[in-house]
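What follows is a set of notes on a single structure, which appears directly below.
Bear in mind that the values in this text are calculations on the coordinates, not laboratory data. These figures come from a predicted structure and were not determined experimentally.
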Amino acid sequence: MPELPHRAELRDHARSSRTDHEPGTVKLTDTPVADNTTNGTNSRGGGIFDTGSGTVDLTHSLVTNNRALGTGADGGGIFKASGTVTRIVSPVARNQPNNCGNPSTVSGCS
């Protein structure tokens with residue numbers, strides 16, 4: 001199971017933090033995901049883009065100021081193609097063009 005160490009940061013990347021896993025779990029704890037950008041036609045998930053059917057667990061991990069740019073872009077903060085995202089005290093805010101897709105790909109995120 002991939003797990004980032006506590007207090008890691010995913011910041012200022014030209015591309016989003018991409019995960020592609022079947023069917024496991026990716027865990028981020030005390031890990032801000034901020035100031036990342038993906039750009040192109042139908043770009044998805046400026047902060048986190050996950051195509052796997054497993055679970056992404058966020059605990060005390062702010063997802064903010066990420067951008068998905070280009071025609072048809074969606075899910076500036078998080079885009080989850082399938083599976084689930086679990087958020088525990090992990091706000092998703094101030095991402096462009098939206099936080100979690102339209103309609104949202106993450107339960108409880110608008």
_Under 5 Å between amide hydrogens, which residues at least 5 positions from residue 105 or on another chain qualify, with H placed 1.01 Å from N in the peptide plane?_
80
_In Hz, Karplus ³J(HN,Hα) per residue of region 87-102 (6.51, -1.76, 1.60; θ = phi - 60°; x = Gly, Pro)_ = 10, 10, 6, 9, x, 10, 8, 6, 9, 10, x, 7, 7, 9, x, 9
*asked:* Please list, in order along region 68-78, the HN-Hα scalar couplings obtained from phi with the Karplus expression 6.51 cos²θ - 1.76 cosθ + 1.60 (θ = phi - 60°), rounded to whole Hz, x for Gly and Pro.
replied: 10, 10, x, 4, x, 4, 7, x, x, x, 9
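Eigenvalues of the Cα gyration tensor times 5, then square-rooted: what semi-axes does that give for region 31-110, in whole angstrom, largest first? Intermediate values should be presented prior to the final figure.
On the way: eigenvalues 63, 38, 20 Å².
Working through the eigenvalues yields semi-axes of 18, 14, 10 Å.
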